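Colleague: This structure is in structure tokens; I'll ask about it shortly.
Every number here is computed from the coordinates shown, using simple stated rules; none is lab data. Because the structure is a prediction, the values reported are computed rather than measured. In this analysis, Cβ positions are derived from the backbone assuming ideal geometry, glycine residues included, and neighbour counts consider all displayed protein chains.
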Amino acid sequence: MGIEIHDDTLRISDILGVEDAEILLEWLLKNPGGAVDLAECTHLHAANLQVLMASPPRITNWPDDALLADWLKHALNQEE
Amino acid sequence: MKRILVIDDAATVRLYHREILEQAGFAVTEAINGLEALEKLEADGPFDLYLVDINMPKLDGYGFLKALREKDIPQAPAIMISTESSPRDREAALVAGANLYIIKPIRPEQLLPQVRGLLGEGHPS
Amino acid sequence: MNPLLDQFISESRDTIQSIGERLLQLENAPADHELMNELFRLVHTLKGNSGLFDFPEMTRVLHGAEDLMDAVRDSRIGYSQSLADQLLEAMDFISALLDEILDGGDASLPADTERTAAAMVLTDSLRQLITAQATQEDTATPAPETLLARDPAMASCAEAQIPEAARMEAYRQIIQGQACSWMSYQPEEDCFFKGEDPFYQITQLPAPLWRRVTAREPWPAPETLDAYRCLLHFESIVPMDLQGLTGHFRYIPDQVQLSSLSPAALAIPTGDAHDSIPAAEYLQTATEHLQSGDHEGLIQASRLLLELSSPKLRVASALRWLLLVMETRPDDVPLQQQLLDDIRHGAGIDTDAANAAAPSSLAPNMRDMSDPIAGIIATQAEILALTDVPPWLPGRLRAIAASLRAAFTHVGQLTLIEGLDEALQAALERNQSTPLARWLADQALPSAAEANTVLAAPPIAATVPPAAPSDTATSAGETRKFGRRMEDAHAGPSAIKVDQAKIDRLMNLIGEMIVAKNALPYLAARAENVFGVRELSREIRGQYSTLNRIADEMQDAIMQVRLLPVSFVFQRFPRLVRDTAHKLGKEVRLILEGEETEADKNVIESLADPLVHIIRNSLDHGLETPEERRAAGKPAAGRLTIRARSESDRVVIEIADDGRGIDPTVIRRKAYEKGIIDEQTLERLTDQEALNLIFAPGFSTAGQVSDLSGRGVGMDVVRTAVARVNGSIDLKSQPGEGTRLRLSLPLSMAVTNVMVIVSAGQRFGVAMDAVAETVQIAQTNIQRIKHQTATVLRDRVVPLVTLNDLLGLDEAQVPNEDGELAVVVVRIENDFLGIIVDDCRETVDIILKPLAGFLGNLQGYAGSALLGDGSVLLVLNPRELL
């Protein structure tokens, strides 16, 4: 549940809570070229959303949830 | 003679409308707020047209219109007169039961055609 | 002056007065929402009224004031002292303008650059209060009002630059019956700390047709990012009706902006300008097709032009929309017209020229209200498109039907009304708008076309009212109705405003009538004594008593009209006290009581100046500075109480403060220094008598004349003013604890009841107010103590004087047959004095007129009055006589 780190990829599963935003931000700061895998993410708190927007990482996989993926892609300006 | 109920808390505005409307041959009754308008309606109503201000003490224009439209009496058109030009205010007026929404300041040449149109008279033959 | 301007000035004065009062009340209750609302409404009314006239400076300042009060009402900014000061200053400016208008007597003011500049400065400072405070409290959040002020549906769609494709998709959805709404959600910056998750709110909504997430300010560098300060801003088009969406955001209504989308709001052409496109010819053809209902022709012409235009041009966008509307809503002529208009404006074609070429521009157009009938019909269509089902829907539907019937009747399209009743009936049965909406859609095209033939032929007739109202030829039955209705129509407001001069005239007339009425007893006496007709005399007396009763009632009724509440004078005190206290650096709590107490207008008016003087005195000399008060163990804020009440036929006003009080020793010394009293008196005076010395002419307690209450007038002026209206004043003071002044005034002063007395063969009057009693005293009961004569009345020694002495007449008073002298006992302050006269006669009601001209300086007389027999009665003022 939450955040798993694999080398330079952060894998997010289930729900990313409000308190995870600091962790996410710290990790992104330490790993400027890092990627984020959202495939198994079902929801992330708005605080995490703005961390991703302020410091956009490479997204390896978008969430399976189409609606969530759609919003995230538009928020991160990565819509196809 | 068509009878018009003018509802506004400002005496000056009431007089202004009264002068325009009486000169055009309509009978005018005044009310100083929505509550008094309902009383006038009970006593002398129904009227042929309502000119309604929005912002009034005791009962505002929206409240009056809703109460009017809930009454089981012959329903006549109502013009809501406002200072706000935003669509939100306009929609609120139409929802409450206004049939026309016009924005202050009102000029006679603007008001009279609308009034005549809503009273169905004055058709140029 | 015209009545409307008159009304405007008088209402504005009242409103400004109320604004002042509310502001001061707000000072004591700065969080009172009800008060703020009322203040806003008052300013709003004032502004609205001024808009009826051409007073640009007034309207400008009031607009600023209204915006400021709007911000206060919405709690965007708090109430503050400087805010109140600024508003009061604005109101002073408006008052001055009103004076100017009144002087000019005209609904226009000559241009005046100084005034214009002053208005701009005032408006600026009002507006600065809004921005200064708003930014101070919340630097990042734009005021919600700026969001609301933007046209949410139309403007946002265009401003947000929603791609045309997305708007077309929404348009199609709406056409297919799926309501769509516009949402803009800007969460509060600290919303995360309130446990909110805006993104969750958003993802719980159905998939949007368009969406955008932005930051309300540029993202800071990641190193400095505060993840918990929410900067997100969500916007989307949601396939939901407004009601559902409002429900979804019901807990945070102030953070979202929602509106329901209509096809017209979405069909907004966007793109580059297109001045090089040959649109004029197309517009003419297209307009003709639109008028004649030639769909195919219009579609073909539009397709042709679209092929010729670069897709990025605005004209291309307009054409795409037009084609879409033709395809999906072939009957929506207003929207089609609107799009053609857009092409016309974009192409820079002169609208007037286009109008001449294409009279169909008179067709219904939702945006252009220059054609009232089209506007009415379009508005009804708009109402019918509402999807809400309020309890008053049936009434609303019937009102729409009434409006449509009227509009169609107005343009003579009576055949079109057929079917309206059935449609209304169906709508009422199903309790929804659809049947009426469908009916209207069916009528819309032909009605537009046919109405055009009516309206277009005489384009002027559409906007200019017919010369004669159509109902000039009324049947007898209608005439009766007309009469009744006219009465109804004039059953206007239950209170009227009457010019003071008119009431004064009534007062003078009733005065004359009372005098004329009083002639009747003389006439009766003459009938009996001179002509010897006792019968006639009795009849005259009978008539007199009837007339007397009516005159009394009439006088009473007129008195009632003249009654004013003391609040008329009191209302200016809060501001006076506040401003004066500010100047003096004192804190004062003003308590007003019994403001509803009524008295005659003249009495009330005569009160104003003395009261102002007393209040200033209290603030200046009575109340201490906050430091002094604290040192004395009192609360820092002094208390000033002004209390009015009626006591039988008098009104009593008390002005009490809890200040330093008056020290009788100081008064004694001062009075002695100023030569007001001699050494003997100095020692003999009681404390209370010493206090009363402050009413002596030329006495002023202040060490130096201050800016406020000084000005060389003292309490003697107050006493004189009060005495002039037959009032009295007394003073109590406790050093260190405060001072209390008590004014007692007659409720009315228009008619005075006087006793007629005779001395040295002349008649005089004495106000009954002053007369305690009349007695006959045997000469033997008059004692002589040194030079003074006195008598004992009910164990009380009453000093006696003779009227002839007082008047300087060298005659002795004449006793009656029994050797008794007539004595009028008068009360002066709290002392009794017996005045020996020759005879006491009847009492009469008179209208007292002050002595004018060179007689005006005559001491000892209150005035003169005309009696029923035509003779003049001099009325004595016992106090001055002594």
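Colleague: Suppose we keep just the DSSP beta bridges with both residues in the protein assembly as shown; what percent of those would be antiparallel, to 5?
Modeller: Taking every DSSP beta bridge with both residues in the protein assembly as shown, the antiparallel ones total about 70 percent.
Colleague: Give me Rg over Rh for segment C:500-561, both radii from the alpha carbons and Rh done the Kirkwood way, two decimal places.
Modeller: 1.15
Colleague: What's the ranking of C:98-110, C:319-331, B:7-19 by average number of surrounding C-beta atoms within 10 Å, highest first?
Modeller: Highest-to-lowest ranking by the protection proxy: B:7-19, C:319-331, C:98-110.
Colleague: Ok, one more. With the Cα gyration tensor of segment B:3-119 in hand, give its eigenvalues times 5 under a square root as the equivalent ellipsoid semi-axes, listed largest first in whole angstrom.
Modeller: Whole-Å semi-axes of the equivalent ellipsoid: 18, 17, 14.
Colleague: Averaged over its residues, how many other protein chain Cβ atoms are within 10 Å of peptide B:23-34's Cβ atoms?
Modeller: Mean shielding count: 3.
Colleague: A further question on this structure: What is the Cα centroid distance between segment C:620-682 and segment A:1-51, reported in whole angstrom?
Modeller: Rounded to whole Å, the Cα centres lie 77 Å apart.
Colleague: Just the number, please: Stokes-Einstein D of segment C:157-260 in µm²/s, Kirkwood Rh from C-alpha pairs, 20 °C, 1.002 mPa s.
Modeller: Estimated diffusion coefficient is 146 µm²/s.
Colleague: Using only atoms on other chains, find how many Cβ atoms lie within 10 Å of each Cβ of peptide A:52-59 and report the average.
Modeller: 3
Colleague: Cα centroids of segment C:287-317 and segment B:52-125: how far apart, whole angstrom?
Modeller: Each part's Cα centre sits 37 Å from the other's.
Colleague: Using 0.36 nm per residue, how much length does the chain from C:T270 to C:I591 gain when fully extended, once their Cα-Cα distance is taken away?
Modeller: Extra length available between C:T270 and C:I591 comes to 109.2 nm.
Colleague: Which of the pairs C:K47/C:K583; C:K674/C:K732; B:K40/C:K497; C:K583/C:K634 have their Cα atoms more than 27 Å apart in this structure?
Modeller: C:K47/C:K583
Colleague: Same structure again: Check cross-link reach from B:K58 to the aspartates and glutamates: straight Cα distance under 15 Å, and skip same-chain residues fewer than eight apart.
Modeller: B:D8, B:D9, B:E36, B:E39, C:E34, C:E38
Colleague: On to the next question. Quickly work out the C:L308-to-C:M120 label distance, labels modelled 7 Å from Cα along the C-beta direction, and quote it in nm with one decimal.
Modeller: Calculated label separation equals 4.9 nm.
Colleague: For A:T60, enumerate residues with amide H under 5 Å from its amide H, sequence gap 5+ or separate chain, H modeled in the peptide plane.
Modeller: Close amide H contacts, sequence-distant or interchain: A:V36, A:D37, A:L38.
Colleague: Give the distance, in whole Å, between the Cα centre of segment C:81-104 and the Cα centre of segment C:183-246.
Modeller: After rounding, the separation between the Cα centres reads 45 Å.
Colleague: Please give the average number of partner chain Cβ atoms lying within 10 Å of the Cβ of each residue in B:75-83, rounded to a whole number.
Modeller: 5
Colleague: For C:T113 and C:D716 in one chain, what is 0.36 nm times their gap in residues minus the Cα-Cα distance, to one decimal in nm?
Modeller: Residue separation times 0.36 nm, minus the Cα-Cα distance, leaves 212.5 nm.
Colleague: Same structure again: Counting pairwise Cα distances across segment C:1-66, what percent come out greater than 19 angstrom?
Modeller: 35 percent
Colleague: Could you order peptides B:53-59, C:394-400 by the average number of other Cβ atoms within 10 Å of their residues, highest first?
Modeller: C:394-400, B:53-59
Colleague: Charges only on Cβ, +1 for Lys and Arg, -1 for Asp and Glu: so what's the dipole of the protein assembly as shown about the Cα centre, in debye to the nearest 20?
Modeller: Magnitude of the dipole: close to 2720 debye.
Colleague: Okay, moving on. Which three lengths, in whole Å and largest first, does the protein assembly as shown cover when its Cα atoms are put on their principal axes?
Modeller: Dimensions of the protein assembly as shown along the principal axes of its Cα atoms: 128, 86, 53 Å.
Colleague: For segment C:206-310, what is the convex hull (Cα atoms) projected area averaged across all directions, in square nanometres?
Modeller: It is 11.9 nm².
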